[in-house]
Amino acid sequence: MSALLRQIPANIPQDMRKIRIENSHLTELPRGSFGNVSALEYLWLNFNNITVMHIKSLEYLPALKELRLQGNKLSSVPWTAFQDTPALKILDLKHNRLDVLPEHALRYLPNLTYLDLSSNQLTVISRDVFYSWPVYQRSQRAEGQIEAISNAVLALHDNPWICDCRLRGFVQFIKSVGPPIILMNSYLTCSSPKFRAGKFFHEVELNSCMKPLTSALDTNLTVPVGLNVTLTCFVQASPSPAVWWTYALKLLRPFNVSTEPISEETVRSELLIPAARPADAGNYTCTAANFLGNTSVAITLRVGVPWASTPAPGWAPIGPAEPGAHVEVRIAKQTVYGITLEWFAAAAAAAEPGETWYTLLVGRYDAAQKDAIYIGPGVNTYSVTDLLAATKYEVCVAVRNQAPRKGQCVVFVTGSDVSQLEQREKLIHIVVIVCAMVLAVPAGMYACTAEARPGCLARCPGACPRRRRGGQAQAAGSKESTLDSLPAGSEDGLCRPEGGRGGRRPPAREEPGKTRPPHRNSADLY
C-alpha cells in the first residue's frame, strides 16, 4: 500500500493466492505481469495510475477469480485478455475512463457474477454487448425451467448517457432485464440531449435512427441591397446532425450561423447575411450529417437595387436611421502602409455595446461600389492598408442597419510616388477632410489645422511645393513637428511666403495657355 512502485515486482512467490497493490503509482500492466504466479486467485490493483493493459497481461492466470482495477486511468480494456481467465467471477472497473464497450466485450466472461462499469465515460452502448454475454444467453435458455442459475450483478450508473436513437436498444434492454441479471442501480439517467437531461431511462421513449433530411421554405430569394437576410433550412434527423453552410465551396464562418432544435428530431439552422450586397448573390448550401449519412439543400439569393432613393456616394443605406444612433470616427494612427481608424458609438448606438455590429465601407472616393467589412461587437478599430499612391479614398463607419450620417465618413488622399528609391515613409501622405476643411500632413513639409485661416489653406497647394524644392535643412528641421504641436489658428511655420515673416502673398494665378506640370501633389486632388 502506498509504495512508490513503478512496475510489478518480479520476485513474487509462485504459491501466492492473493495480491493487493494499491496507491503505488503503477502505470501499466505489461505482458505476463503475473506469469510466475499461476496459483493467483485474487488480484487488487485499485487506485494506481494504470493507463495501459497489455492484451496478454493476464496470461498464465487460469485460477484468477477476482480482478479489481478501480480508480485507475484506463480508457480502454483489451477484452480478449479475459480468454486467459475463464474462472473470473468478479470484475471491478469503476472510476476509470472507459468510453467504449465493444460488442464482444463480455463474450469471454462466461462465469462472471459481478461486473462494475459505473462512473466511467460511457455514452452509447449496443444491446448486443449483453445479448452476446454467456450469462444472459443462459438465462434466456433457462426461462420457464427449474434449472437454477446464479445471479449476476451489473453496475452501469453514473455514466454520461446520450439518450438518442443510438441508445434505443440498450434502453429497451435495461427496461426488460430481470433476474438472474440484477442491476445495482436501475435508475440510469440521461445526460444529453438537453431536453432529456436528468430523465430516467424508464421515462424516455427513443425512436429509430434516421438519415438527415434537409428542406427550406424558400429556395429562391430576391432582396434589395442593404437588407439583412436570414437564410433558413430545416433538418429532420436522428441522432441530432451536424449542420454547416457553404458558399462558393467555402465554409462560412460559424458566428453568422445559429442552429437550434425545434423538436425532438428537427433542428433549424439560420445563416445571417447583414446588409446584403450584389457580391453576396449566389447559391448557399445547407448541409447536415450524422453517422448514417449526409444531405443538403441549396438556396439561391439574388440581390436587387437599393430600397432607399438617395444613397450617399458608394454607400447603400441599410435601413431607416434610428434617432440618436451616431458613430464618431477619427484617424487614430498613420503608418507607412495606410491608416488606422477608430470609432465610438454614441447615444442609442451604444445602448448595448456588447451586441452592436458595425459596417465599414472602404474604397476609392469616386468608386460606385466599395468593399464592405462587417465588424463584430467589442471591436472599434480597423487598419486600412496597401493603399495606392496619389489616390483619394473614402471610409465610412455606421451601426449595422443604419445609413451613415454626417461625420461618419473620412476622406483622405495618399501621397505621390516620387521614386522607387525613396523610402516607403515618403510614399503615403494623408489629407483628411474634417468639417469641410483640408488637413494636410505630408511628412515634414507642412500642416494646416482645422482652425487655420482660409488664406493659409489657399496658399498651401502653391507655397508648400516650392518649399519642398528649397533648402533641405529647413525641411528636415520641421520633419519632427506634428499636428498636435501647432497652436490653434496659427499660421506660424506653415505656409509662409518666401520673402519674409510678416508679409502676405496673394494666391498665385496660372498664366493663360500655360500647361500644368504632370506631377500633382496630394492636395491638388481636391
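Some notes on this structure:
- Percent of Cα-Cα distances greater than 24 Å, calculated over segment 153-281: 47 percent
- Counting only heavy atoms of the protein chains and using a 1.4 Å probe, Ser150 has close to 80 Å² of accessible surface.
- Computed with a 1.4 Å probe over protein heavy atoms only, the accessible area of Tyr358 comes to about 20 Å².
- Rounded to the nearest 10 Å², the accessible area of Glu270 at probe 1.4 Å: 60 Å²
- Kirkwood radius for segment 210-304, taken over all pairs of different Cα atoms as the inverse mean of 1/r, rounds to 13.5 Å.
- Only the Cβ atoms of Lys and Arg (+1) and of Asp and Glu (-1) were treated as charged; on that basis the dipole of segment 210-304 about its Cα centre amounts to roughly 320 debye.
- Virtual paramagnetic centre 7 Å along Cα→Cβ of Glu103, amide N under 17 Å, in segment 196-210: 209
- Count Lys and Arg as plus one, Asp and Glu as minus one, and take only other residues whose Cβ is under 14 Å from that of Glu342; the net charge is then +1.
- Shown for segment 210-304: the carbon plus sulfur share of the solvent-accessible area, taken with all protein chains present and a 1.4 angstrom probe, equals 55%.
- Residue-normalised accessible area of segment 210-304, given per residue in Å² at a 1.4 Å probe: 50 Å²
The values are calculated or read from the model by the stated rules, or taken from the named source; none is laboratory data. All values reported here derive from a predicted model rather than from experimental measurement. Positions of Cβ are backbone-derived with ideal geometry, glycine not excepted, and every protein chain shown enters the neighbour counts. Side chains are part of the model used for accessible areas, which takes the heavy atoms of the whole protein and leaves out ligands, DNA and RNA. Shrake-Rupley method; radii C 1.70, N 1.55, O 1.52, S 1.80 Å.
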